[in-house]
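These notes are about the structure you will find just below.
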Amino acid sequence: MLTFNYRYRIYPDIAQQTVLIEWMEICRGAFNFALREIKDWCDSRKCLVDRCSIEKEYILGSELKFPGEVNQLNSLPRAKKEFPCLSEVPSQVLQQAIKQLHRGWEYFQARGFGFPRFKKYGQFKSLLFPQFKESPVTGYHLKLPKIGAIPINLHRPIPNGFTLKQVRIIRKADRWYASINIQCSLSVPEPMPHGYPIGVDIGLEKFLATSDGTQIKSPKFFKGLQSKLKLLQRRLSRKQKRSHNYEKQRIKVARLHHTIDNTRKDFHFKQAHALCDAGDMVFMEDLDYSVSAKGMFGKHMLDGAFGQFRTIVKYVCWKRGKFFGEVDARGTSQECPNCGGVVKKDLSVRVHNCSHCGYTTDRDVAASQNIRNRGIKIPQGKNQESLIAI
Ligand SMILES: [Zn+2]
């Protein structure tokens, strides 16, 4: 099974935009209501039964079950009678808003942090149309239920043999996009480990270092864009809220965010292709960036959007028939890639200088060589799951 998300720009007219924005607001309402139910349930079970908390009390019957996904979905028809505006949104799209909340809830349960948040005005920015009887893309248009045909720029055709599964309508700044999910039952074998290996270390000081000694700095244009963003945000903060000028300035800020996202993505793709040019197997660390983002380097780590980079490298490797592997990266910076001896060094030491064998190289290059060495040790033909089990 092959699944791709292709993103196309769409051009809804003013009336269609108004309807889409209205639907997002209604979905936002449903999302927040459902989250309120979950929060109340959690709060009501926080304090002990035989005493009162000082500030507030939530009392829900102990027999009341947790407002689960199925429960909340089943109560939608009843809610529609009470709030007729809910019926304006196609019911499957509305259901997706509840499902989205529960995906967030499950994620929170699995990770232990990141409780779903209420969405403020304008924070609900996409609508998912999960099912189509026939392909909604007809030449130059995208056909959506209750909305009709929206002009679409099909800058690349949907490949033959693929069926369209879902469409997500996304609003970014003042632009609209359709992210089209397509699937093909064809299965392509995963690339097997072969050929020349390279290890990649991602860092804060540099964007990346490879085991071949290539070092890529974080591109400078991000700094320029960031300071421009700061300037625009400062101007925005001086505008009267909800005024016409505020709205104009808000769109400027949103557009710049959008530009930064696109520039970064472009940079990531170029780097990923460069890695595939350099070797046949690419190994990266399996460090959970979302966890390290909590630490003191949080901002920088997020700024680099490393998670996205790994996903892109994985994709580009797959597309070009190169092998992508993840290795346990614990201690890669404290080990000598040449003799395997332990070389303790803190963050300020930028050079790896082995006291056992005398091997000297850049700190990050040493780390990437360790990643490569560990990667090659993965038994041939075994994937990541079996590596963890060993
Ligand atoms: Zn050594």
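Just the residues that are at pLDDT below 95, assigned to a strand (DSSP E or B) and among the aliphatic types (A, V, I, L, M), please, taken from region 1-32.
Selection gives Leu2 alone.
So how many residues does region 334-376 have that are more than 9 Å from the ligand (Cβ to nearest atom), farther than 20 Å from Lys206 by Cβ and not in a helix (DSSP H, G or I)?
Residues meeting the conditions: 2.
Quickly run through region 105-118 and pick out the residues that are under 14 Å from Ala30 (Cβ atoms) and under 18 Å from the mean Cα position of the chain (by Cα).
Pro116
Among the residues in region 323-342, are any at pLDDT 90 or above, in contact with a His (Cβ under 7 Å, 6 or more places away or on another chain) and crowded, with 17+ Cβ neighbours inside 10 Å?
yes
When region 322-346 is examined, which residues are found to be among the small types (Gly, Ala, Ser) and under 34 Å from the mean Cα position of the chain (by Cα)? Break it down into steps so the answer makes sense when it comes.
Within region 322-346, the first condition is being among the small types (Gly, Ala, Ser), and the residues that meet it are 325, 329, 331, 333, 340-341.
Correct list: Gly325, Ala329, Gly331, Ser333.
Got a sec? Which strands (runs of 3 or more DSSP E) wholly within region 137-185 have at least 2 residues that are among the basic types (Lys, Arg), assigned by TED's automatic domain parsing to the domain that holds Glu25 and modelled with pLDDT under 95?
163-172
The values are calculated or read from the model by the stated rules, or taken from the named source; none is laboratory data. Not measured: the values here are computed from a predicted model. Positions of Cβ are generated from backbone atoms using ideal geometry, with glycine treated the same way; all protein chains shown enter the neighbour counts.
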